[in-house]
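Reading through the structure tokens given below for one structure.
What follows is calculated from the coordinates using simple rules that are stated; it is not laboratory data. Nothing here was measured: the structure is a model prediction, and the numbers come from that model. Every residue, glycine as well, gets a Cβ built from its backbone with ideal geometry; the counts of neighbours run over all protein chains shown.
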Amino acid sequence: MAKLRLIHRCSECGASFPKWSGQCSVCTAWNSLVEEVEGPEESRVSLAAGLALVPPGLATPIGDVNPNESDPVPTGIDELDRVLGGGLVPGSVTLLGGEPGIGKSTLLLQLLGGAKGPSLYVTAEESAQQVRLRADRLGAISPDLWLLPEMSLPNIIAAIDKISPSLVVIDSIQTVVDPELGSSPGSVVQVRGCAHRLVQEAKRRNISVVLVGHVTKEGGLAGPRVLEHVVDTVLSFEGERHNALRLMRAAKHRFGPTNELGLFEMTEAGLVGVPDASQLFLTDRRTGVPGSVVVPTIEGQRPLLVELQALTNQVSASVPARRSAQGLDQGRLSMLLAVLERRARISLSGHEVYASVVGGVKLTEPGADLGMCLALVSAVSNIPLPADLVVIGEVGLAGEVRQVGHLARRLNEASRLGFTQAIVPASAPDIQSGCTIRRASTLNEALALAGFTTNG
């Protein structure tokens, strides 16, 4: 076999370099150099991509394809099935990412312990004894669960050949090594090549494969971005290690929705699904505190009530006013502050502003805009909002309050938990709910309905 060598190629302009550097000297792009294997074409196909040279597939009339072969198989974990759209699909590859200690291995052991048929857990980071102790604590001991402490990809595939499992978990993909690739563990070449090979095995054997992926300091999946394109599903496991609540989202899912939210609570017996998340988020809420408001949101098909909190602190003119957002987009918060100053004549330029979503939830939908604005005004004026009030609406740059979707489901969830008042956009349809609905077409009207006076 011809000798292969590693090069670093710019993903922006395609220039190649013998060594890695932070900036491409050709196009001046930063952090764009990735490892590649250079050599004869036949070697690159088999080694750099991590693909075996297999016979070409046979064309089949589309009417002869059995659609039931892609039906999801329930995992037995309700919240996981909710995010996956019913369960794991045979022949699919799922990438699960999350911070260390968040509970990824715990969740997967619970999944494997309840799996139907043979399953294989490949641990490349822990010893067999460590995994066994955790499985004992979780009650995940099963005669059909096989454990393989291994880092070598050929040995992993040999174990799959021997056991013929229906479910395989690789913990983690960054530690798996293919000796033929000739690169260090965790490198782009190794991660990409091993992932390609495992995807190929999953499709060929029609088995479900779950890959555990590390995350970067920024919260994104470590390793090459190509992994997210190769796998069928990308799951994100989020939460604070010092908080029992865990959140799971699907960033990509070829067999179902990508906006569903799964909620778990970490207990001594493992991860337990949270069916009534709204009640959990509002359990410790203090009423009568300025800067607090409840906003009904929609996560997938699930209505969810979350508490938004705002805190302001006046600073001297010589000190830069700090802006901090937890669970909210920083740019969105800055926009709302600008709209408040321009349209409602409420200036917070001389105040530090801290905004947070209680419970670790990350809000991305604009339906929380109006609630955030009212929380900010409540905080700076030191006037609490009514305890039984929920606020829904998107705020535009002109100060208008725009309609949001699924209003009926939001209000019904609020009514179920005892809320009796709601401020909604004026253009919202008529809805029968247990809440007294007040309509606002502009931000100033909404502030007036909440009991605030403006100069707008």
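What does the charge count around GLU150 come to, taking other residues whose C-beta lies under 12 Å from its C-beta (Lys +1, Arg +1, Asp -1, Glu -1)? My count for the surroundings of GLU150 gives -3.
Using 23 Å as the Cα-Cα cut-off, could you pick out the over-long pairs in LYS19/LYS104; LYS116/LYS203; LYS116/LYS162; LYS116/LYS252; LYS252/LYS362; LYS203/LYS362? Where the Cα-Cα span goes over 23 Å, the pairs concerned are LYS19/LYS104; LYS116/LYS252; LYS203/LYS362. In plain terms, if you count all Cα to Cα distances in the chain and split them into 10 Å steps from zero, the share in each step is 4, 18, 23, 20, 18, 12, 4, 0 percent. Relative to the longest principal axis of the Cα atoms of the chain, the long axis of helix 153-163 lies at roughly 80 degrees.
Looking at the chain, the DSSP beta bridges with both ends there are about 55 percent antiparallel. Given R0 = 30 Å, the distance between the Cβ atoms of ALA408 and ASN382 translates into a calculated FRET efficiency of 0.30. Short-range pairs are left out: with C-alpha atoms under 8 Å and at least six residues apart, the relative contact order of segment 297-412 is 32 percent.
Could you work out the local net charge near GLY273, counting Lys and Arg as +1, Asp and Glu as -1, over the other residues with Cβ closer than 9 Å to its Cβ? Once all neighbours under 9 Å are counted, the net charge is -2. With K and R counted +1 and D and E -1, the other residues having a Cβ less than 15 Å from that of ARG134 yield a net charge of -2. Listed as lacking a disulfide-compatible partner in the chain: CYS194, CYS373, CYS435, by the criterion of no other cysteine Cβ under 4.7 Å. Between rounded, prolate and oblate, where does segment 382-456 land on the alpha carbon gyration tensor, with a ≥ b ≥ c its root eigenvalues, rounded for a/c under 1.5, else prolate if a/b exceeds b/c? Judged from the Cα gyration tensor, segment 382-456 comes out oblate (a/c at least 1.5, b/c at or above a/b). Between the residues SER172, ALA269, PRO100, the greatest Cα displacement towards the positive end of the dipole of the chain, with unit charges on the Cβ of Lys, Arg, Asp and Glu, is found for PRO100. Summed over qualifying helices (DSSP H, 4 residues or more, each -39500 (n - 2.57)) and divided by its residue number, the chain shows a 222 nm mean residue ellipticity of -7000 deg cm²/dmol. If you take the Cα centroid of segment 226-273 and the Cα centroid of segment 343-386, the two points sit 28 Å apart. Computed on the chain, with alpha-carbon pairs under 8 angstrom and 6+ residues apart, the relative contact order is 11 percent. When peptides 347-353, 21-27 are sorted by average Cβ neighbour count within 10 Å, with the highest value leading, the order is 347-353, 21-27. Annotation: peptides 196-202, 392-398, 148-154, ranked by per-residue average of other Cβ atoms within 10 Å with the highest first, follow the order 196-202, 392-398, 148-154. For a test of the definition: using alpha carbon positions, the gyration tensor, and the 1.5 limit on a/c, classify segment 74-274 as rounded, prolate or oblate. It is rounded, given that a/c, with a ≥ b ≥ c, falls under 1.5. Taking amide H positions as modeled 1.01 Å from N, with prolines and chain starts lacking one, the residues under 5 Å from LEU245 and 5 or more places away or on another chain are MET266. The Rg/Rh ratio of segment 280-449, with Rg taken over Cα atoms and Rh as the Kirkwood radius over Cα pairs, comes to 0.95. Could you list which residues have their amide H under 5 Å from that of LEU147, counting only those 5 or more apart in sequence or on another chain, with H placed in the peptide plane? Residues meeting the criterion, in which the H sits 1.01 Å from N, are TYR121.
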